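What follows is a set of notes on a single structure, which appears directly below.
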Amino acid sequence: RCLPNYCEHGGDCSQSWNSFYCNCANTGYKGATCHYPMYEQSCEAYKHRGNTSGFYYIDSDGSGPLGPFLVYCNMTDSTWTIIQHNNTNLTRVKSANRENPHTMFFKYSASLDQLQATINHAEHCEQKLAYHCKKSRLLDKPGGMPLSWWIGKTNETQTYWGGSLPAVQKCACGLEGNCIDSQHYCNCDADRDEWTNDTGFLSYKEHLPVTGIVITDTDRPNSEAAYKLGPLLCRGDRTFWNSASFNTKTSYLHFPTFHGELSADVSFFFKTTASSGVLLENLGIQDFIRIELYSPSEVMFSFDVGNGPSEVIVQTPTSLNDNQWHYVKAERNIKEASLQVDQLPQKSHGAPPDGRIHLQLNSQLFVGGTASRQKGFLGCIRSLQLNGMALDLEERAKITPGVEPGCSGHCSSYGNLCHNGGKCREKYSGFTCDCTFSAYAGPFCKKEISAYFGTGTSVTYNFQEYYTLAKNSSSHASSFYADMTLNREEITFAFRTTRTPSLLLYVSSFYKEYLSVILTRNGDLQIRYKLDNHQNPDVFSINIKSMADGQLHHVKINREDEMLFVEVNQNERIKFILSSGTEFNAIKSLTLGKILENSDVDEETMKANSQGFIGCLSSVQFNHIAPLKAALHHSSSAPVIVKGRFTESNCGTLTGDDSTSSETTHSFADHSGPIDEGEPLANAIRSDSAIIGGVIAVVIFILLCITAIAIRIYKKRSIYSKNEAKGSENEDSAESALKSELSMQNTGNENQKEYFF
């Protein structure tokens, strides 16, 4: 039964009398034949599942032959995939010539085939190459024989350098016309007896990644070079958003067939308002495969492999014609046929024993309709993958009547990824979260904006300037503070401190009305509203426990007219009633920390203001204003005044662990639900064959080893510390020495500025 072995991707085959079984442990794949990948194909796919920056395994060709590998995903407004190599340090070179060149080959954390697949999927890739030189040329003369060069992925010699274009034998300064010697196209070709450099990004995808560098001109007196190659950086995934819009029921796209495939898998996203329609079909003389929206809440995968038609149907608890993106994955192999919709459990049927091993299909693959032009699909399909290969829907749609490239309306499906008041904005390829009116930042408006306040620090946001600016620029923005009178406030912030009394927040008006939020001497949170300058302020205290305990506390304050609601640390909201008025008139400014101007406030607020606030404030929001964010990120344009010691910090994270949580390794939490979620590759699929005796043996072995290991670690600890320090010094010595030389050089030549980080 295991000859031939139908288990894919290195899965282990075992058999009974009637069948075979595949053990997919440690392969990175799953399913009856280890065909379907456990990991996403790109960082872009992880981002749009709501994941933050961190290390992830990606499988760049899906169910194809290439395995998964580890990358760092930098989730900013754009998604960057970062792939490291074995030498990212500055490397100094001396005594190299044509007979004895300096040659360095770079090895990456992925194979060249894996890198190629990632580069092909990306919208843009680049790699920074810095070449520092002192009497070390790149070319002996313009257009002449190269003296140094780099090698791309196809082992071809490349003689253009960072920031330049292929086949021109220039550096960035040569293209821009600002080389230090106008007779040359690279700074280094001036051949001067002082340090200069040619640095820039290589971005021609067909030549990336850089696999080697050769240097031959450092054997003359006082001649030296140094180079540094950054990691491979790739942005986006053009296949993830590749889409087509089907506007008539008689239109479709067609692609090559599944013909002769042992296994067949299809995955895609669709959205529609129609109640039915064929999403995909492939026909043969007898065999066929079809995926269709059978009803508003049913997807059907039907097929025939020579033993009669079969069906796999998934019923969904909600309608699928809601104009939101829905995920479909179907697979047929010699063991079973399976269908999955969104995150619902996968449904599968075992294959009958008399079916064909290979599919016998001789027509094209029809997408969005059928060859008979019946039961066509109205809506959008995107990210269509066929056996791990992305099909270009947009290019085919450009030449197909009734079908248009691209789809809009991504925010209807992904808008819930924008948090804390962030607004989803449509892009041609996907969406972005606009955090303008949020106290948070980051790709999903989830990154806390926090700052440490020292003694006497004051941050004041002036509403009058904001109102004047907003009124002149946007009628929408000006509506926030029309007439500068408020009937309601929504305030959120977090803080840590050990000092009492403390002033957390103060809002003033031109009519001597105010709002102050303070910590009393015993650590109680107190809110003081004075909305009538002829009355004493309303005072509301929350006496849960002392909040000056150095822990992070979250506060929400909502007022609507005389109704005041306060929530602390997500506990039950407390309701209060104001008696001093319902209108906050002519608001003037908001202050965090210490009030520096003369203010007519009550005695308790003055006591709290005596030392202001010392500690951490985080994610401060007052209606649609984020004063802390404005002070830290937009201080030059926002109407904000900062006095005293004020530094951005990560003090707003709940614990020390949270601040580094994004640096962990995430596995593919697949669409099928709880199976193997959250495990790294080594534990991706755990074998069910472990026996109790083996477990007991392992436990005993570990207990015996712990003592020996502990003793050995103790003995080696001091030696290791010394060696580690020595290793660190050696690693940085080349760069430190060059920094020192540049520092001395720059002392005598102020026009030459070089910085190394």
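Using θ = phi - 60° and the Karplus relation 6.51 cos²θ - 1.76 cosθ + 1.60, list the HN-Hα couplings for the stretch 38-44 in order, rounded to whole Hz, with x at every Gly or Pro.
Coupling constants for the stretch 38-44: 7, 10, 5, 7, 7, 5, 4 Hz.
Relative contact order of the stretch 242-407, please, whole-number percent, based on alpha carbon pairs below 8 angstrom and at least 6 residues apart.
On the way: 464 pairs, mean separation 67.5, N = 166.
Relative contact order, the stretch 242-407: 41 percent.
What list of ³J(HN,Hα) couplings, whole Hz, do you get for the stretch 573-583 from phi and the Karplus terms 6.51, -1.76, 1.60, once you set θ to phi - 60° and write x for glycine and proline?
Running phi through 6.51 cos²θ - 1.76 cosθ + 1.60 with θ = phi - 60° gives 5, 10, 9, 10, 10, 7, 10, 8, x, 10, 10 Hz.
Roughly how many Å is it from the Cα centre of the stretch 563-592 to that of the stretch 505-542, as a whole number?
So the two Cα centres are separated by 9 Å.
Within straight cross-link reach of LYS347, meaning Cα distance under 23 Å, which lysines are found once same-chain residues fewer than 8 apart are removed?
Reachable lysines: LYS30, LYS271, LYS329, LYS335.
Considering the convex hull of the alpha carbon atoms of the stretch 89-136, report its projected area averaged over all viewing directions, in nm², one decimal.
Working: hull surface 20.6 nm².
Averaging across all directions leaves 5.1 nm² for the Cα convex hull.
Solvent-accessible area per residue for the stretch 12-76 at a 1.4 Å probe radius, Å²?
Numbers: 2220 Å² over 65 residues.
Accessible area per residue, the stretch 12-76: 34 Å².
Might you tell me the accessible area per residue for the stretch 177-262, computed with a 1.4 Å probe and given in Å²? All intermediate terms of the calculation are to be shown ahead of the outcome.
Details: 3260 Å² over 86 residues.
Ligands and nucleic acids excluded, the figure is 38 Å² per residue.
Regarding the stretch 82-238, what is the average projected area of its C-alpha convex hull, in nm²?
Numbers: hull surface 34.9 nm².
So the mean shadow area of the Cα hull is 8.7 nm².
Normalise the Cα radius of gyration of the stretch 1-109 by 2.2 N^0.38 Å (N = residues in it) and let me know the number. Display every interim value, and only then the final one.
Numbers: Rg = 20.6 Å, N = 109, 2.2 N^0.38 = 13.1 Å.
That works out to 1.58 for the stretch 1-109.
Could you state, as a whole-number percent, how many of the C-alpha pairs of the stretch 242-407 are farther apart than 30 Å?
Values: 1335 of 13695 pairs.
Cα-Cα pairs in the stretch 242-407 separated by more than 30 Å: 10 percent.
Going by accessible area, probe 1.4 Å, with all protein chains left in place, what is the ranking of SER319, SER599, largest first? Intermediate results must be reported in sequence, preceding the final value.
On the way: SER319 60, SER599 35 Å².
Descending order: SER319, SER599.
Going by average Cβ density within 10 Å per residue, which order do the peptides 181-188, 216-223 take, highest to lowest? Before the final figure, lay out the partial values.
Numbers: 181-188: 20.5, 216-223: 16.8.
Going by the mean number of other Cβ atoms within 10 Å, highest first, we get 181-188, 216-223.
How much space per residue, in cubic angstrom, does the convex hull of the C-alpha atoms of the stretch 12-76 take up?
Working: hull volume 5.5 nm³, N = 65.
Output value, Cα hull per residue: 84 Å³.
Determine which lysines satisfy two conditions relative to LYS594: a Cα distance under 22 Å, and not lying fewer than 8 residues away in the same chain.
Those lysines meeting the cut-off are LYS512, LYS530, LYS556, LYS607, LYS629, LYS643.
Round to a whole number: what % of the accessible area of the stretch 492-554 belongs to carbon and sulfur, probe 1.4 Å?
Values: 1060 of 2510 Å².
Roughly 42 percent, rounded to a whole number.
If you roll a 1.4 angstrom probe over the protein chains with everything in place, what fraction of the accessible area of the stretch 82-238 belongs to carbon and sulfur, to the nearest %? Before the final figure, lay out each step's value.
Values: 3060 of 6640 Å².
The value for the stretch 82-238 is 46 percent carbon and sulfur by accessible area.
Express in whole angstrom the spacing between the alpha-carbon centres of the stretch 114-147 and the stretch 51-79.
Distance between centres, Cα-based: 25 Å.
In sequence order, what are the phi-derived ³J(HN,Hα) couplings for the stretch 619-624 according to the Karplus relation 6.51 cos²θ - 1.76 cosθ + 1.60 with θ = phi - 60°, rounded to whole Hz, with x for glycine and proline?
Per-residue couplings from phi come out as 6, 7, 10, 10, 6, 9 Hz.
Please compare each pair in LYS107/LYS228; LYS94/LYS205; LYS128/LYS446 to a cut-off of 26 Å on the Cα-Cα distance and tell me which ones are over it. Write down the numbers at each step before the final one.
On the way: LYS107/LYS228 14 Å; LYS94/LYS205 31 Å; LYS128/LYS446 30 Å.
Flagged as over cut-off: LYS94/LYS205; LYS128/LYS446.
Between the stretch 187-225 and the stretch 82-110, what is the separation of their alpha carbon centroids in Å?
So the separation of the two Cα centres works out to 12 Å.
The values are calculated or read from the model by the stated rules, or taken from the named source; none is laboratory data. A quick note: this is a predicted structure, and the numbers were derived from the prediction, not measured. Cβ sites come from the backbone with ideal geometry, for glycine too, and all protein chains shown count toward neighbours. SASA here: full protein model, heavy atoms, side chains in, ligands and nucleic acids out. Shrake-Rupley method; radii C 1.70, N 1.55, O 1.52, S 1.80 Å.
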